[in-house]
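Some notes on the structure that comes next.
The values are calculated or read from the model by the stated rules, or taken from the named source; none is laboratory data. Fair warning: this is a prediction, and the values are worked out from it, not measured in the lab. Cβ sites come from the backbone with ideal geometry, for glycine too, and all protein chains shown count toward neighbours. These area figures cover heavy atoms from the full protein model, side chains too; ligands, DNA and RNA do not enter into them. Shrake-Rupley method; radii C 1.70, N 1.55, O 1.52, S 1.80 Å.
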Amino acid sequence: MVRYFVSCILFFKSSGFLYETKDFELLMALPIKTKYIVTSKLLSLLLINYLLFGLFYIPSIVAYIVLTTANALVIIEGIIVFMTGPLLIMSVCGFVSFVINVLLRKFKYKNYVMSILYFVLFIALFVLYMMFVNKIGGNDDVDINEMANMILNIALKMKNVYPMSGFVVKGFEGNILYFLLFVAIMIIPFVILIIFVSKTFLVCNMNAKSIAYKSTYKLSNSKTPNKIKALLKKETKRFFSSTNIMLNLGIGPIMSTLLVVMNVMMNSYGSTEEMKSVSTILIIMLSGLAFGMMPSTSSSINLEGKTFWILKSTPVKTKDVFMAKSLFYVLLCLPFAIINTGLYVSINGFNALNTILMLVDQVVIIIIFAFEGLFINILAPKLDWDNEVRAIKQTGAPVISMLFGFLIDGLLFIIPFILEIYFGLGLIGVLVMGILILTIVSIL
């Protein structure tokens, strides 16, 4: 079931791949039937689903075959289940994505609404997963039999939520009718989806190109905005207007708070005194790991894409552009840094000096990663792309930035961690190391 939840998120996240495709004009100019275009796009998404499905399914089916001494028929059925398993979930998500796109077609802030929904869904699933992990691993007295019974109860409940899994079990037990019924339920909706999207592909993508404007305008004096403020506004609009950008580049700040919440939960369930003594530096460390995971600056040059010439032709200095891109990531992460500091206060009580140091340390770390990501992206830009995901993930700069982020985290926290254990000066150590590293990346 975890695989099916992941598939839902993946397909909803990729709904623009079908209904708001970036290379729509090029595809329509090719002598290819629409149904073939739609089929190729669905198959590319299906390949990603197979990768996710295989992580959970293949070990499970191998264990089932080994432990039950299954015959050749079960092995063949297992392969067929692997090939058809994701089809129903993809079909349902495809139709739901179409309905959402139709309902929000004329809504001016459609992208903002979609992005918020995706974020809420991701956070909800992550919280549910962590509650499950905490329930299993939070009690040291849980034995193997008790854990097995817990997992069995969850599996029985999942059968009620997704009854198709029961058809597969009965098929493995020798009931061919149930197995054929499962395969039919998987394949038929997927074929209907291909036909449906083929019929609506042209209309949906044409509607996606239209933009809602206000019909009334008022004449007023125009003001000359501050250059950095105007560039910052541009970065903000780009971030919140794209679901792909929000989900990929906004995950770091969210993860920082989620990781800190996990740390708070572990400390609140009876941690040792030694763990409590280093809880402050642990919170900073977890925040730093998340902030450096994928800073928005690591792909901000890439996202300029084919409009990069507009930025170069504007009467602004290069350092102003860099400052706006870095400042945006700082402002994006700052609310989460404040939340993390509040969580620290909830554990150890209010201490003015430590609270201020903790917030300042996080701000310094955020600025470090903002500059570091921007520097890497300047060295390895990629402006030729047809999908925002390619600019964000499928380039060298974000990956290199993430690797350097781990290195910076190591430099930031090894010495301060030792200082915290022996002298209780971990926060000051992080601040000193942060200022040294910030000086280097600022010069770069």
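In the structure shown, the pairs Lys41/Lys237; Lys227/Lys319; Lys229/Lys393; Lys33/Lys306 are assessed against 19 Å; a Cα-Cα span above that value is assigned to Lys41/Lys237; Lys229/Lys393; Lys33/Lys306.
I need the calculated FRET efficiency for the pair Ser346 and Ile421, taking r as the beta carbon distance and R₀ as 30 Å, to the nearest 0.05.
0.85
Between Ser313 and Thr68, the distance separating the two model label sites (each 7 Å from Cα on the Cα→Cβ line) works out to 6.6 nm. The heavy atoms of Asp409 offer some 10 square angstrom of accessible surface to a 1.4 angstrom probe.
Think of the stretch 312-402 as having a plus end and a minus end, set by charges on the Cβ of Lys, Arg, Asp and Glu; of Val345, Cys333, Thr318, Thr318 sits farthest toward the positive end of this dipole. Classify the stretch 300-363: rounded, prolate or oblate, from the alpha-carbon gyration tensor (a ≥ b ≥ c, eigenvalue square roots; a/c under 1.5 rounded; otherwise prolate if a/b is larger than b/c)? Judged from the Cα gyration tensor, the stretch 300-363 comes out prolate (a/c at least 1.5, a/b above b/c).
Mind listing which trypsin sites (Lys or Arg not before Pro) in the stretch 366-432 are in a DSSP loop and have 15 or fewer other Cβ atoms within 10 Å? Before the final figure, lay out the partial values.
Numbers: sites: Lys382, Arg390, Lys393; in loops: Lys382, Lys393.
Filter output for the stretch 366-432: Lys393.
P(r) tail for the stretch 357-442: Cα pairs beyond 20 Å make up 42% of the total.
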